[in-house]
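Let me begin by presenting the structure, written as structure tokens, before commenting on it.
What follows is calculated from the coordinates using simple rules that are stated; it is not laboratory data. This is a predicted model, so every value here is computed, not measured. Cβ atoms come from the backbone with ideal geometry, glycine included; neighbour counts cover every protein chain shown.
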């Protein structure tokens with residue numbers, strides 16, 4: 001039995017995710033889309049906190065909300081003028097998008113519901129993810145160690161920096 | 001092995017061909033010509049050494065019990081498919097191939113020398129000499145072939161070189177169509193040759209001439225009495241092989257290419273279309289003679305075709321106005337003599353004199369016909385025309401040519417002591433020995449021969465004296481007169497060669513003596529024909545025209561070569577092209593091609609239709625991907641329930 | 001009342017559906033990238049939720065999410081660099097009009 005505050009918090013987060021997701025993809029002002037996305041990301045971070053992954057939630061806020069969103073906002077400001085709304089969607093295209101989304105959601109939802117009993121299980125309380133353990137796991141070469149992906153992703157990020165510089169450089 | 005140096009007579013011309021063909025254009029014309037001629041001279045010397053050593057050499061194993069042995073001085077296995085199916089290349093020396101070596105190299109050398117003068121200043125002089133070398137190589141390879149397949153290879157090679165040389169003036173449409181005609185007609189005949197080879201070798205399990213001819217009855221019986229359309233398979237095989245020979249030797253009705261082949265340069269006509277290549281058919285039959293003479297039916301076919309051709313060609317030659325055409329038809333007629341002589345030859349009749357006579361006539365004919373053609377070339381060179389009407393009274397301008405042409409005419413007419421007398425006499429003896437019908441027939445044709453040759457002679461050198469204007473004909477240069485003189489001398493003395501001792505069907509010795517009953521008659525006929533020609537054509541007079549008018553229909557028919565070309569034209573165009581080829585072409589174009597066009601068009605339009613799907617719109621891809629995944633998932637869920 | 005696994009998965013699913021819809025319908029390239037971020041986020045939530053409920057003693061799902069966030073950041077940075085470069089060249093960010101390199 002969870003505390004009432006916890007449940008209340010959950011509903012707020014869930015509602016925020018659903019509403020702002022829909023608004024993100026339906027808003028005709030691109031800057032507003034980005035802002036709604038920011039709220040979705042915050043709500044996602046809220047889920048991580050609620051689940052007990054504080055480090056993950058912090059990363060989500062720092063990288064996504066702090067880093068990626070800034071990029072988005074800058075690029076939006078660079079590429080579009082204020083008041084330059086996107087034109088309304090054609091019905092044809094709208095229905096295509098809706099049908100694809102609804103088909104995917106319906107199928108996934110159906111399969112989720114058909115596993116209802118399994119998914120109805122409660123959260124166990126013995127969570128053990130302190131920051132020391134994460135740090136050891138990231139730099140360990142043992143079983144459950146992540147040194148190789150860690151190094152690989154660092155090379156990827158380096159490549160990405162160089163690539164970004166090369167692509168965006170003025171000729 | 002002894003005499004293995006004979007291989008040089010093949011190597012030198014082919015090397016010369018490659019050399020002149022590849023780097024010839026870099027050389028000056030004179031260098032190329034002299035180089036080709038010198039190489040030919042060396043080839044001739046080697047061929048003479050080889051042939052004379054073969055005939056008169058006394059070394060071990062050449063003559064056993066008075067019979068000359070067939071020497072395979074070179075024998076290379078070229079392709080070995082199976083144990084029986086082996087294709088060899090080699091050099092076979094026996095009396096006829098040794099004799100042919102002499103004939104080919106002599107005439108070829110004379111033509112090489114003559115061409116230095118005749119072709120002087122022509123465009124493509126180096127190419128001309130390259131082709132001459134190719135032809136010499138092919139023809140020599142043909143005569144020394146050890147097996148029928150090698151012969152076929154070289155047989156086609158001479159066809160190609162003949163094609164190239166007829167079409168030498170490739171800017172003239174007439175030359176181009178003549179070369180095509182020659183090639184297609186002989187190819188058609190060679191189809192028969194190839195079929196014959198396949199049938200023969202299928203049953204006898206060998207290509208080898210030596211194996212075939214050393215035991216001919218085994219070859220005949222190897223078919224085991226198999227028949228096709230009422231005739232034995234062997235008779236079919238031999239007749240088909242003879243068809244190839246008839247095509248190459250311009251026998252009726254496959255003769256139509258030879259008169260047109262005169263579009264080539266005149267020395268080429270002398271070499272290929274008078275002296276050497278056209279006797280390949282005779283040589284082929286002679287090569288397989290021991291097998292042929294066991295098939296009575298095939299021999300009869302050969303005889304009949306030979307006789308018909310002889311008469312036909314002689315009749316046409318009597319009225320032609322183009323001097324090269326007259327000579328071409330006289331060539332056809334003379335080759336028909338050789339063919340007939342082989343056809344009537346039997347080992348039991350006069351020790352097989354027909355075979356010896358045929359080869360003898362081949363030898364002498366090559367010499368005097370080459371002489372006549374080279375003279376004709378000199379005349380054309382002087383007058384710049386082929387037509388008799390443009391000539392006349394040339395004896396005053398061209399004395400050497402006059403004498404040489406006269407000697408050639410006397411030789412071909414069969415007047416003692418010129419070469420043709422001896423060989424033609426032997427042919428007539430052989431014909432009378434077989435059946436008086438053939439004898440009388442050939443005697444009559446021999447008379448016609450004398451008549452049309454002297455008609456030609458008088459029309460060129462006597463007749464009238466037309467106005468040549470400022471362009472007076474003059475004697476040819478030394479390079480052209482030397483071959484004339486040389487060949488004249490050969491034509492005078494060639495008849496005294498003891499051929500009976502050298503070339504006989506069983507390679508033994510044949511004791512010939514002149515049968516005066518035959519020889520006398522033929523001489524009387526020839527002299528009478530010459531006298532008639534003298535009376536008619538000695539001086540310009542209206543009698544020949546009146547005679548032509550008197551039998552206008554016959555004269556026109558003969559002038560038009562009895563409409564043989566028109567008949568061919570009709571058969572090929574109206575029947576084969578219209579009734580067979582056109583429907584096939586329609587079928588090919590509409591049905592076969594149409595099917596594939598349809599396939600291509602459907603593919604094309606389908607591609608255009610689906611092109612938009614691969615338009616690079618990532619959103620479209622995602623849509624299809626999501627929907628596809630959803631459909632697959634739905635299907636699997638439904639199926640699992 | 002318990003907060004079950006399903007209750008976390010439902011908002012994640014709707015977020016993913018919105019991402020798909022936006023990806024297919026939006027014309028602005030940056031808007032498409034935003035939709036992409038939505039989809040990535042929903043997947044991240046799923047990883048974490050499954051880890052938390054099914055294997056609370058381990059942290060594979062969390063690690064996956066961690067790396068996914070890192071890669072998403074890299075990918076977004078690069079994509080935005082490309083978008084800006086394209087915009088600099090043709091003054092447009094509407095993907096339907098970016099046909100210069102086609103065919």
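Table for the structure above
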{"quantity": "GNM flexibility winner over chain A from A:68, A:13, A:98 (Cα, springs under 10 Å)", "calculated": "A:98"}
{"quantity": "Principal-axis tilt of helix B:233-248 within chain B, Cα atoms, nearest 10 degrees", "calculated": "70"}
{"quantity": "Acute angle (nearest 10 degrees) that the helix B:173-204 long axis makes with the longest principal axis of chain B, alpha-carbon atoms", "calculated": "80"}
{"quantity": "Between helix B:148-166 and chain B: long-axis angle, C-alpha atoms, 0 to 90°, nearest 10", "calculated": "80"}
{"quantity": "Contact order relative to length of segment A:1-82, as percent, for alpha carbon pairs under 8 angstrom and 6 or more apart", "calculated": "25"}
{"quantity": "Listed peptides B:329-340, B:554-565 by packing density, highest first (mean Cβ within 10 Å)", "calculated": "B:329-340, B:554-565"}
{"quantity": "Descending semi-axes in Å of segment B:132-245, equivalent ellipsoid built from Cα gyration tensor", "calculated": "33, 17, 7"}
{"quantity": "Helix-only [θ]222 nm of chain B, DSSP H runs n ≥ 4, -39500 (n - 2.57) each, per residue, nearest 500", "calculated": "-22000 deg cm²/dmol"}
{"quantity": "Separation between Cα centres of segment A:116-140 and segment B:449-467, rounded to whole Å", "calculated": "125"}
{"quantity": "Convex hull projection area averaged over all views, segment B:59-204, Cα basis, nm²", "calculated": "11.8"}
{"quantity": "Distance cut-off 30 Å, percentage of C-alpha pairs in chain A lying past it", "calculated": "41"}
{"quantity": "Estimated FRET transfer efficiency (residue B:123, residue B:611; beta-carbon r; R0 41 Å; 0.05)", "calculated": "0.15"}
{"quantity": "For segment B:41-141, the fraction of alpha-carbon pairs in successive 10 Å shells from zero, as %", "calculated": "13, 34, 27, 19, 6, 1"}
{"quantity": "Protection proxy ranking, peptides A:51-63, B:173-185, B:309-321, average beta carbon neighbours within 10 Å, highest first", "calculated": "B:309-321, A:51-63, B:173-185"}
{"quantity": "For segment B:508-614, the Rg and Dmax computed from alpha carbons only, in angstrom", "calculated": "33.3, 100"}
{"quantity": "Residue-averaged beta-carbon neighbours from other chains (10 angstrom radius) around A:66-78", "calculated": "5"}
{"quantity": "Value of Rg/Rh across segment B:24-88 [Cα atoms, Kirkwood radius]", "calculated": "1.22"}
{"quantity": "Test item: B:366-375 mean partner chain Cβ contacts at 10 Å", "calculated": "0"}
{"quantity": "Hull shadow area, averaged, segment B:96-181 [alpha-carbon convex hull, nm²]", "calculated": "6.0"}
{"quantity": "Whole-Å distance, taken between Cα centres, linking segment C:54-103 and segment B:487-524", "calculated": "106"}
{"quantity": "Kirkwood Rh in Å, taken over all unlike Cα pairs in segment A:1-82", "calculated": "13.6"}
{"quantity": "Whole-number percent relative contact order across chain B, with pairs defined as alpha carbons under 8 Å at least 6 apart", "calculated": "12"}
{"quantity": "Ranked B:608, B:621, B:129, criterion: other C-beta atoms within 10 Å, fewest first", "calculated": "B:608, B:621, B:129"}
{"quantity": "GNM top mover of A:161, A:17, A:134 - chain A, alpha-carbon springs below 10 Å", "calculated": "A:161"}
{"quantity": "Estimated translational D of segment B:340-485 in µm²/s (Stokes, Kirkwood radius over Cα pairs; 4 °C; 1.567 mPa s)", "calculated": "79"}
{"quantity": "Approximate spin-label separation residue A:159-residue A:70, in nm, with each point projected 7 Å along Cα-to-Cβ", "calculated": "2.5"}
{"quantity": "Theoretical ellipticity at 222 nm over chain A - DSSP helices of four or more residues, -39500 (n - 2.57) apiece, nearest 500", "calculated": "-23000 deg cm²/dmol"}
{"quantity": "Mean Cβ count within 10 Å, highest first, over the residues of peptides B:359-365, A:37-43", "calculated": "B:359-365, A:37-43"}
{"quantity": "Base-10 log of normalised Debye intensity for segment A:130-171 (one unit scatterer per alpha-carbon) at q = 0.16, 0.17, 0.20, 0.33 Å⁻¹", "calculated": "-0.53, -0.56, -0.64, -1.00"}
{"quantity": "Neighbouring partner chain Cβ atoms per residue of A:144-151, average, 10 Å criterion", "calculated": "2"}
{"quantity": "Rh by Kirkwood over Cα pairs, then Stokes-Einstein D for chain B at 0.692 mPa s and 37 °C, µm²/s", "calculated": "123"}
{"quantity": "Value at 222 nm in deg cm²/dmol, rounded to 500, when DSSP H runs of n ≥ 4 in chain C each add -39,500 (n - 2.57)", "calculated": "-27000 deg cm²/dmol"}
{"quantity": "For the protein assembly as shown, alpha-carbon Rg relative to the globular expectation (2.2 N^0.38 Å, N residues)", "calculated": "1.70"}
{"quantity": "Rg to Rh, two decimals, where segment B:283-382 supplies the alpha carbon set and Rh follows Kirkwood", "calculated": "1.07"}
{"quantity": "Chain C: relative contact order as a whole-number percent, Cα under 8 Å and 6+ apart", "calculated": "27"}
{"quantity": "Three semi-axes of the equivalent ellipsoid, segment A:63-157, Cα gyration tensor, whole Å, largest first", "calculated": "38, 29, 14"}
{"quantity": "Alpha-carbon Rg/Rh ratio, for segment C:6-97, with Rh computed the Kirkwood way", "calculated": "1.10"}
